[in-house]
Each structure stands twice: as C-alpha cells, then as structure tokens.
Amino acid sequence: MSERPIDRLSRPDIPASDFHQESSYTLPVEEVASQRNRPLTHIALFLITVLSTMYVGSLHYAGFSTDFVDTIPTVAFLQGAWYSVTILAILGTHEMGHYLACRYYGVDASLPYFIPAPPFIFLTGTLGAVIRIRDRVPTKRMLFDIAAAGPIAGFVVAVPALYIGILLSRVVPLPPDFVGLSLGEPLLYQFVEWNIWGTIPEGYTLNLHPVAFAAWFGLVMTALNLFPVGQLDGGHISYATLGSRSTMVTVGSVFLIVSLALVLSVSWAAWAVLLILMLLVSGVRHPRTVDDHIPLDKRRYWVALGTLVIFILCFTPVPIEFIGQ
C-alpha cells in the first residue's frame, strides 16, 4: 500500500513542536482511501434507512394528525418525509463533520454508514450513523478536531429543526386515560417550547409534529455521543482536553449512567450495557497520541467548553418513560 509520511510541510497548521515524535507515522494516500470505500454498501444502507425512517415517520404523522383521539388514521407513506428528511439531515451532518475533518487532516476514513432499525421495534427507524476511521489519529489536536466536528455540525442542524418542529406542533388536551410513552425534555427543548408556546396549561400537552420528534431524537443522540467515555466523541474530546485524567472521567461517567438506569429510568439500561461492553473491549484508558504530554491550545479549550454546553442542553435524565395504566 502506498503511503506518505506526515511532515512539517504537509501539515503547516500543526506546530513544529508536535512533530518531534511523529516523523515516522504514515497515512495512506487519498487515492488508496477512496479505493477502500465501498459506495454500494453506503448507498444500500442509506436507502434502507430512508425506507425505515419514512415508514416510522408516516406512523408518527398519523399519530400527530389524530391529536390523541382514538381513531384509526390513514397512513400516508409520503408524509413520513417530514421525519425522515429531518433525522437523516441531523445524523448525516454529524457524520460528515467527522468525515470532512478526517479528510482535512489526511486521516483515512470511510463515508458514513447509516444504520437502519426494524420499524416495528424502534420508534426511530434508525440507530444512527457512523464512519470508520481506519488510521490511528497521531496528535491530540487532530483527534480533538475530528471528534468535536461531528456533534457541533449535527447540533447546528438540530437547533433550527427543533424550532420548526415545535412551531408545527400544537397544544391539545391530554386524555385522562392516555396510555403511551412520554419523552424526556432536554433543556434546549424546554426553552424552545416555552419560547413558542409559553406555559402549557395543566391537562394539556404539546402534540409533537414528526419534525419535532426527529429533532428531539437528534438532541438525545448528540448527548449520548458526547458522554466522555471510550471511543465516543466525548471520550476523544475528554482525552484530548484532560490527558490521563480523562480515565477518571470515563469511570465516573459509566457509574453515572448505571446509576441513572437503576434509579431514574430503565431506558438507560441498554446504553449502560453498551458502554460497559465497549470498555471491556477497548479498555478504560484512552489510547495515547504521540503528543500525549503537550496540552491543547486555548482556542480548543474554549471549543471543548462549548461541547460541554451542547451536552448539557441536549441531555435529559429520563429519555423515555411509560405513562398510563
């Protein structure tokens, strides 16, 4: 495989001091990276995810149109586009943020893989999207930029989608015998709802338009990705910012998630199990970069603080709760 070294001339944006240990580190050339992508796989997964989110979206729209009245609505498949386009835009922008940052630094990465989910099991029709980074990222600055680019890009799309979705929603009476799922409200969601609808009277609720539900799911996914654990975006950001101290943050975060699952909401159980399995496979300590001892610059510390703010705005302690009889 043809490779080229990273040197000071090819990466002028990195200080010379960062290269004292990385002159022997090699990355594949772009031509090889493009050959390793399998466009048919990406296209097939994307099209399947479009169909699964369109179908789920049509059900969400049918439910929205009834205003909690016990009627059997006609399901219009094309109405599912409200949800499908919104959620795929949020997830796709998130992953393209990672991908373009990888391309900027010459790190070999795949195009986004969209992950469809059985629509009869998952309310979302998708489990998200991922890219595969095939190279070890050599420096903390590269690692930080690649990790932070995704949630920031996705958040930029999710915020206007949330405003549009809440605006399209409507306040309706909540039936006293209502049985169903209640969605936890992140701080950003609560602010937008109050900004548009004010204080909702007791006995009433906001009937979410499918665009609002997609935006809600985008916020929750952003918060999950920003947990400072392992190979999640938040884990990379935590390591690049805190160095070896990030290990304690990882342990504390997993303990928090397990506590949330045991005390507040069983909806955290699956996430807790996935994170524990991730740490069993990859270890608690984040893999070191060649410049492990070199701190980030102040600008990136401010960006790290910004990702923490995004996490707080998108986080909800009880994501999903069953209510009713």
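Structure notes:
- Note that the stretch 231-237 has calculated 3J(HN,Hα) couplings of 8, 5, 4, x, x, 5, 4 Hz, one per residue in order, obtained from phi through the Karplus relation 6.51 cos²θ - 1.76 cosθ + 1.60 (θ = phi - 60°); glycine and proline are x.
- Spacing of the two label points (7 Å from each Cα toward its C-beta) at Tyr301 and Phe191, in nm: 2.4
- Rounded to the nearest 10 degrees, the angle from helix 81-105 to the longest Cα principal axis of the chain is 10 degrees.
- For the stretch 94-226, relative contact order (Cα pairs under 8 Å, six or more residues apart, normalised by length) works out to 27 percent.
- Between amide H atoms placed 1.01 Å from N, distances below 5 Å from Thr126 occur with Ala117, all of them 5 or more places distant or on a separate chain.
- Cβ crowding within 10 Å averaged over residues, with 308-318, 207-217 ranked highest first: 207-217, 308-318
- Each peptide in 54-62, 276-284 gets a packing score, the mean of other Cβ atoms within 10 Å over its residues, and the list from highest to lowest is 54-62, 276-284.
- Positive-pole candidate from Leu275, Pro119, Ala212, dipole of the chain, charges at beta carbon: Leu275
- The chain - charge dipole about Cα centre, Lys and Arg +1 at Cβ, Asp and Glu -1, debye rounded to 20: 760
- Derived scalar couplings between HN and Hα for the stretch 119-124 equal x, 7, 10, 10, 5, 9 Hz in order, rounded to whole Hz, by the Karplus curve 6.51 cos²θ - 1.76 cosθ + 1.60 (θ = phi - 60°), x for Gly and Pro.
- Cα long-axis angle, helix 39-66 against the chain (0 to 90 degrees, to the nearest 10): 30
- Protection proxy ranking of 96-108, 172-184, by the mean of other Cβ atoms within 10 Å over each peptide's residues and highest first, is 96-108, 172-184.
- Listed residue (Ile133, His60, Asn225) projecting farthest to the positive dipole end of the chain, Cβ model: Ile133
- Based on Cα contacts under 8 Å between residues 6+ apart, the chain shows a relative contact order of 19 percent.
- Taking amide H as placed 1.01 Å from N in the peptide plane, the amide H of Ser182 sits under 5 Å from that of Glu321, Phe322, Ile323, each at least 5 places away or on another chain.
- Whole-Hz ³J(HN,Hα) from phi, Karplus 6.51 cos²θ - 1.76 cosθ + 1.60, for the stretch 281-296, glycine and proline x: 7, 9, x, 6, 7, 6, x, 6, 8, 5, 10, 3, 7, 8, x, 6
- Relative contact order, percent, the stretch 224-317 [alpha-carbon distance under 8 Å, six or more residues apart]: 31
No lab work stands behind these numbers, since they all come straight from the coordinates. Because the structure is predicted, anything quoted here is derived from the model rather than measured. Note: ideal-geometry Cβ built from the backbone for every residue, glycine included; neighbour counts use all protein chains shown.
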